[in-house]
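Some notes on the structure that comes next.
Bear in mind that the values in this text are calculations on the coordinates, not laboratory data. The structure displayed is predicted, hence computed values, not measured ones. Quick reminder, even Gly has a Cβ in these numbers, built from the backbone with ideal geometry, and neighbours come from all protein chains shown.
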Amino acid sequence: MSGKVIISAVSLILVVGVAIGVVVAVNKKGDDPSLEAHQKSVGVVCQNTDEQKLCHDTLSSVKGIDTADPKAYIATAVKATMDSVIKAFNMSDRLTTEHGSSDNGTKMALDDCKDLLQSAIQSLQLSTDMVQNNNIQAVHNQQADFKNWLSAVISYQQACMEGFDDDKDGEKKIKDQLHTESLDSVEKLTGITLDIVSGLSHILEQFGLKFNLKPASRRLLTKEGYPTWFSAADRKLLGQLQGKGWRAHVTPNVVVAQDGSGQFKTVADAIASYPANNQGRYIIYVKAGIYDEYITVPHSAKNILLYGDGPAKTIITGRKNFVDGVKTMQTATFANTADGFIAKALTFQNTAGAEGHQAVAFRNQGDTSAVVGCHILGYQDTLYVQTNRQFYRNCVISGTIDFIFGTSATVIQHSVIIVRKPLDNQLNTVTADGTSQKNMATGIVIQDCSIVPEQELFPLRFQIKSFLGRPWKQYSRTVVMESTIGDFLHPEGWCPWAGEHFEDTLYYAEYNNDGPGANVSGRIKWKGYRGLISREEANRFTAAEFLKAGPNAGTDWLKALHVPHALSLTKA
């Protein structure tokens, strides 16, 4: 990251506003004053970006009366990002045609890239529509959504790169080509836009805008406590999901049963029945049984409620794994890519075992999604919280290495996290967060959970090292708070990623935990490890703050899903 600004051959360096330290390039005295004003505006907008030169180059195309409009610069940054993603998508499509038949690994990696970049385009389209259809204050008020969508684009770009095997020459060559010719630009341009959006309040002040910059606290709710955009039928349905007898009050759209008593015998067929242009919830009831199948909820199948007869009775299972030649993303037994998804009272599992290495049970990239009362069981890479805002409550999650991983805003509450026995040459790491840029709205929060060893690990718990997490990327962010931690945890608490040194830039923290593993006196001495943080700082990682969504930057989506949740800290 260069941190430089453009200086033309005929320009001087002018410090604008010493108090704020903004450096911009302006032409010599006597030149076009509108150009001078434009360059000053670009300097203000780009001041806190990591890629200063690229930012100035990108925003130089803003012309005419738009040079005084901060929204014009934001729109230009979003468009440049979109153009870069479309270029990368087209390139991955071309490379698939050229190299897709060379070997299965290359084909899988390129297919994943196309899917991921298509998802990135969808996130950027949401950003484009929001900027085009709103005034600058409304854009500012929807900052939480904006940051989430941009963070998701970076996550998709990362996942595309991670899919190629550096140990295989053919895959590495294609990866390097994608990175050099397109994906590096995607990451940098998205980062610039994210930096601009993250500093929007300060930018608008310097543009002299005097309107209220604080997001509105008023929430547009019905009397039942739901957002007004929910239909009356949907509000009634969501209200029925409470209490012990909730199943009796829910009428599913379709039923899955292996004995033929439902409309479908497989979960995949039930998902495929999702009607085009569906409005409201689409409810799928999966009766007791073991469903050995691989399922992907497509992006278009929004607002599905998938529920079973309980995690001990309704089990969706698979065993795809990396050792058998399957790319990590494609090992998922169940993958959700749709917004508003709810899973309740069933199990997702991958039975490949520790010897299968990467083997995902549940992969989720659906925004404002929730998983409640489910078991997510596996070993390495069990739960892939890939992108967007996700919430887990009353779950059991088990695994060994990086078994809760991804690049999303994820809160896991009131759940049991079970650390299992790995292979003899392995250690355990509960989390691996992939936050790669400082302003990404991502991280993993574990709140009010029990972190314990499984029975097989228990007698070996002091020989096999177990940690709360390790930093997958430069700005990995993980907080464990108000949880009970067993004595099996290694005193250092956190461990480095092999061959990488992110100790100064990561953010790891703990707050108000108990149990023998909560003693922080022996923790690692990294600059990025915050140790025991204050209650005020811990509040930043509650669901109310960390999972904000919507134009009023609230968590009404959690209320609307009608899943149990705590928005704040749970202990005094």
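Over segment 400-541, what is the relative contact order in percent, taking alpha-carbon pairs closer than 8 angstrom and at least six residues apart?
Working: 353 pairs, mean separation 30.7, N = 142.
Dividing the mean separation by the residue count of segment 400-541 yields 22 percent.
For 266, 193, 58, which order do you get if you count the other beta carbons within 10 Å of each Cβ and list the fewest first? Each step should come with its number before you reach the end.
Details: 266 15, 193 30, 58 25.
Going from sparsest to densest Cβ surroundings: 266, 58, 193.
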Modelled label-to-label distance, residue 103 and residue 288, 7 Å Cα→beta-carbon offset: nm? 4.7
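Taking a threshold of 24 Å on the Cα-Cα distance, which of the pairs 265/327; 40/548; 320/559; 302/438; 313/344 fall above it?
In this structure, 265/327; 40/548; 320/559; 302/438 lie more than 24 Å apart at Cα.
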Distance between the C-alpha centers of segment 72-150 and segment 151-171? Whole Å please. 15
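Excluding residue 247 itself, what net charge comes from residues whose Cβ is under 10 Å from its Cβ, given Lys and Arg +1 and Asp and Glu -1? Before the final figure, lay out each step's value.
Details: positive: 244, 344; negative: 309.
Once positives and negatives cancel, what remains is +1.
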If every Lys and Arg gets +1 and every Asp and Glu gets -1 at its Cβ, then about the Cα centre the chain yields a dipole, in debye to the nearest 20, of 1600
Under 5 Å, built H, 5+ apart or other chain: amide partners of residue 466: 428, 490
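For 421, 114, what's the fewest-to-most ordering of other Cβ within 10 Å of each Cβ?
Values: 421 20, 114 17.
In increasing order of surrounding Cβ atoms, one gets 114, 421.
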Within the chain, which cysteines find no other Cys whose Cβ is under 4.7 angstrom from their own? 374, 395, 449, 495
Residue-wise HN-Hα coupling along segment 117-133, computed from phi with Karplus coefficients 6.51, -1.76, 1.60 (Hz; x: Gly, Pro): 6, 5, 5, 5, 4, 5, 5, 6, 5, 4, 5, 4, 4, 5, 5, 5, 9
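Could you tell me the relative contact order of the chain? Use alpha-carbon pairs under 8 Å, at least six residues apart, and round to a whole percent. The partial results should precede the final answer.
Numbers: 1333 pairs, mean separation 52.2, N = 572.
Result for the chain is 9 percent.
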Averaged over all directions, how much area does the convex hull of the C-alpha atoms of segment 59-216 cover when projected, in nm²? 9.7
Hull-based mean projected area of the chain, where the convex hull spans the alpha carbons, in square nanometres: 28.2
Residue 438 label point, 7 Å along Cα→Cβ, cut-off 19 Å on backbone N: hits in segment 471-497? 472-478
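Tell me which GluC sites (Glu not before Pro) from segment 462-505 have a DSSP coil assignment and no more than 14 other beta carbons within 10 Å of their own. Kindly include the intermediate steps, with their values, before the conclusion.
Values: sites: 482, 492, 500, 503; in loops: 482, 492, 500, 503.
Within segment 462-505, the qualifying GluC sites (Glu not before Pro) (loop, at most 14 other Cβ atoms within 10 Å) are 500.
Could you work out the local net charge near residue 409, counting Lys and Arg as +1, Asp and Glu as -1, over the other residues with Cβ closer than 11 Å to its Cβ?
Numbers: positive: 147, 389, 477, 548; negative: 367, 433, 545.
Neighbourhood net charge equals +1.
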With all pairs of different alpha carbon atoms counted, what Kirkwood hydrodynamic radius in Å does segment 218-399 show? 16.7
Can you tally the net charge around residue 265? Count Lys and Arg as +1, Asp and Glu as -1, for every other residue whose Cβ sits under 13 Å from the Cβ of residue 265. -3
Counting only the backbone N, which residues of segment 162-200 are under 19 Å from the spot 7 Å out from the Cα of residue 57 toward its beta-carbon? 177-196
Alpha-carbon radius of gyration plus Dmax, which is the widest Cα pair, for segment 468-510 in Å: 11.0, 32
Residue 571 versus residue 250, label points 7 Å from Cα toward the beta carbon: distance in nm? 3.1
For segment 304-321, in order, what is each residue's ³J(HN,Hα) by Karplus, 6.51 cos²θ - 1.76 cosθ + 1.60 with θ = phi - 60°, in whole Hz (x at glycine and Pro)? 7, 10, 10, 9, x, 8, x, x, 7, 10, 9, 10, 9, 9, x, 8, 4, 7
Looking at the chain, what % of its DSSP beta bridges pair antiparallel, to the nearest 5? 10
Using modelled amide H (1.01 Å from N, peptide plane; none on Pro or chain starts), what sits under 5 Å from the amide H of residue 507, excluding residues fewer than 5 places away? 476, 477, 478
Sites residue 266 and residue 484, calculated FRET efficiency, Cβ-Cβ separation with R0 51 Å, nearest 0.05: 0.85
Is it possible to state the helix-based mean residue ellipticity at 222 nm for the chain, with each DSSP H run of 4+ residues giving -39500 (n - 2.57), the sum divided by total residues, to the nearest 500 deg cm²/dmol? What is it? -9000 deg cm²/dmol
Extension gain, residue 94 back to residue 205 (0.36 nm per residue minus Cα-Cα distance, nm): 35.5 nm
Fewest to most Cβ atoms within 10 Å: 250, 153, 326 sort as 250, 326, 153
Diffing segment 177-189: the Karplus 3J(HN,Hα) column from phi (6.51, -1.76, 1.60, θ = phi - 60°), in whole Hz with x for Gly and Pro, holds 5, 4, 5, 5, 8, 8, 6, 5, 5, 4, 5, 5, 5
Under a point spin-label approximation (7 Å from Cα along Cα-to-Cβ), what is the residue 169-residue 129 distance to one decimal in nm? 4.7
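Cα convex hull of segment 400-541: how many Å³ per residue?
Values: hull volume 13.9 nm³, N = 142.
Considering the Cα atoms of segment 400-541, their hull volume per residue is 98 Å³.
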Compute the normalised compactness of segment 366-450: alpha-carbon radius of gyration over 2.2 N^0.38 Å, N being the residue count. 1.05
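Per 0.36 nm of contour for each residue apart, how much would the distance between residue 177 and residue 501 grow if the chain were fully extended, relative to their Cα-Cα spacing?
Working: separation 324, 0.36 × 324 = 116.64 nm, distance 2.57 nm.
Length gained, residue 177 through residue 501: 114.1 nm.
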Please give the contour-minus-distance gain from residue 313 to residue 137: 0.36 nm per residue of separation, less the Cα-Cα distance, rounded to one decimal in nm. 58.4 nm
